[in-house]
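Before any comments, here is the structure.
Coordinate-derived values only; no laboratory data. In this text, all values refer to a predicted model and were calculated from it rather than measured experimentally. Heads up, the Cβs are rebuilt from the backbone with ideal geometry, glycines too, and the neighbour counts pull from every protein chain shown.
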Amino acid sequence: QVQLVESGGGLVQPGGSLRLSCVASGFSFKLSAMNWYRQAPGKQRELVASITSGGNGDYADSVKGRFTISRDNAKNTVYLQMNSLKPEDTAVYYCNYRNIPTFYWGQGTQVTVSP
């Protein structure tokens, strides 16, 4: 079965950096696009970044220029490098794989940006 396991969240000061990782299993990772979403308290889950099977990334306007999505197909892992973090980046971050009509989610990892 599909499994997505995130790690790398934590508490960081504004302006700091974190790198999230998501290890995937149970499907053909190297042939699949992958996504990172986030959900802040009281808000809807939003798409943060996507990466195609070929490695092309796309970003929400709110994170463009600060976040970088990448993948290592040998490790079945997708990453989200987050730089210049802001308090408004505070959220639970989720790894996502879509096999329409099904969306698969990891358990999430908390990112808190606070002085």
Legend entry - Given charges at beta-carbon only (K, R positive; D, E negative), |dipole| of segment 1-94 in Debye: 80 debye
Legend entry - Percent of beta bridges antiparallel (DSSP, the chain, rounded to nearest 5): 90 percent
Legend entry - Neighbour cut-off at most 11 other Cβ (10 Å), DSSP loop, trypsin sites (Lys or Arg not before Pro), segment 43-115: LYS43, LYS64
Inset, instruction - Give the shape of segment 2-58 as rounded, prolate or oblate, defined through the alpha-carbon gyration tensor: a ≥ b ≥ c are the square roots of its eigenvalues, a/c under 1.5 means rounded, and otherwise the shape is prolate if a/b is larger than b/c and oblate if not. - result: prolate
Legend entry - Dipole of the chain, positive end: most advanced residue of PHE27, LEU11, PRO87 [Cβ charges, Cα centre]: PHE27
Legend entry - Pairs of Lys in the chain closer than 22 Å at Cα, counting only those 8 or more apart or on different chains: 4
Inset, instruction - Restricting things to alpha carbons, tell me how big segment 22-83 is in terms of Rg and Dmax, in Å. - result: 12.1, 37
Legend entry - Relative contact order for the chain, counting Cα pairs under 8 Å that sit 6 or more residues apart, in percent: 36 percent
Legend entry - Sparse-neighbour loop sites [chymotrypsin sites (Phe, Trp or Tyr not before Pro); segment 1-71; at most 16 other C-beta within 10 Å; DSSP]: PHE27
Inset, instruction - Calculate, in nm to one decimal, what SER70 and GLN110 gain on full extension: separation in residues at 0.36 nm each, minus their alpha carbon distance. - result: 12.4 nm
Inset, instruction - Please give, to one decimal in nm, the separation of the simple spin-label points placed at VAL5 and SER17, each 7 Å out from Cα toward the Cβ. - result: 2.6 nm
